[in-house]
Amino acid sequence: MTAEPVGTAERTLRSRRFAALYAEVERFYAHQMQILDAHDTEHWAGTFTEDAVLELPSPSGPLRAGAGLARYVRAGAARERRAGSRLDHWVGMLDVQPQADGTLHTRCSALVYVTPSGCGARVLYVRVMEDVLVRAGGDWRVAQRRVTRDDLA
């Protein structure tokens, strides 16, 4: 029986840990986007830290956690009802960078697509989403999110 080279077992373990972490972060984003699309306002706002900041590519400036995030989702839901359409989000091309302080820096593409009542879906826009995730009570929370237009990233 041949012994493994020194360090191979450790690299394998690190690789498995990172794969598990990556899958955990993917599940976090899948869940977060699903509750956003369902307009579960309070639950979605709860995926952010109490002092989180959300920067969007709009002239209104950054949104602060809590009531600011909840108002943002409620306003979006009202616009969708008036327009007779539904917005959905898809996150992909996820990059996860663990930091020495235990936070995660992530970057991904976010597709926002609209489905008008009785029609097929179409991509409305593509965004780049960069987050700082922190552990809170065993779960990941967004401490900072910066969303930029894909054509300006």
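The values are calculated or read from the model by the stated rules, or taken from the named source; none is laboratory data. Keep in mind that what you see is a predicted model, and the values were worked out from it rather than measured. Cβ: placed from backbone, ideal geometry, glycine included. Neighbour counts: every protein chain shown.
Structure values in brief
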{"item": "Single match in 75, 83 (criterion: more than 19 Å from residue 132 (Cβ to Cβ), out of contact with any Pro (no Cβ under 9 Å at 6 or more places or on another chain) and loosely packed, with under 14 Cβ neighbours inside 10 Å)", "result": "75"}
{"item": "Boolean, residue 98 is at pLDDT below 90, surrounded by fewer than 17 Cβ atoms within 10 Å (Cβ to Cβ) and not small (Gly, Ala, Ser)", "result": "no"}
{"item": "Failed item, numbered, when residue 73 is tested on (1) under 22 Å from residue 149 (Cα atoms); (2) modelled with pLDDT of 90 or more", "result": "(2)"}
{"item": "Boolean, residue 133 is touching a residue at least 24 places away in the same chain (Cβ under 8 Å), within 11 Å of the chain's Cα centre (by Cα) and surrounded by fewer than 16 Cβ atoms within 10 Å (Cβ to Cβ)", "result": "no"}
{"item": "Filtered residues of the range 35-65 (kept if loosely packed, with under 14 Cβ neighbours inside 10 Å and either part of a helix (DSSP H, G or I) or under 13 Å from the mean Cα position of the chain (by Cα) (or both))", "result": "42"}
{"item": "Within the range 129-151, tally of residues that are more than 11 Å from residue 52 (Cα to Cα), touching a Lys or Arg at 6+ places or on another chain (Cβ under 7 Å) and either among the β-branched types (Val, Ile, Thr) or not in a strand (DSSP E or B) (or both)", "result": "3"}
{"item": "Members of the range 48-62 that are of a type in the set (S, T, N, Q) and in contact with a strand residue (DSSP E or B) (Cβ under 6 Å, 6 or more places away or on another chain)", "result": "49"}
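Condition check ((1) out of contact with any Ser or Thr (no Cβ under 9 Å at 6 or more places or on another chain); (2) closer than 16 Å to residue 130 by Cα; (3) among the polar types (S, T, N, Q); (4) modelled with pLDDT of 75 or more) across all residues:
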residue	(1), (2), (3), (4)
31	no, no, no, yes
39	yes, no, no, yes
53	yes, yes, no, yes
65	no, no, no, yes
69	no, no, no, yes
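Condition check ((1) without any contact (Cβ under 8 Å) to a residue 24 or more places away in the chain; (2) among the polar types (S, T, N, Q); (3) closer than 20 Å to residue 30 by Cβ; (4) touching a Leu at 6+ places or on another chain (Cβ under 6 Å)) across all residues:
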position	(1), (2), (3), (4)
65	yes, no, no, no
79	yes, no, no, no
85	no, yes, no, no
90	no, no, yes, yes
99	yes, yes, no, no
118	yes, no, no, no
124	no, no, yes, no
128	no, no, yes, no
149	no, no, no, no
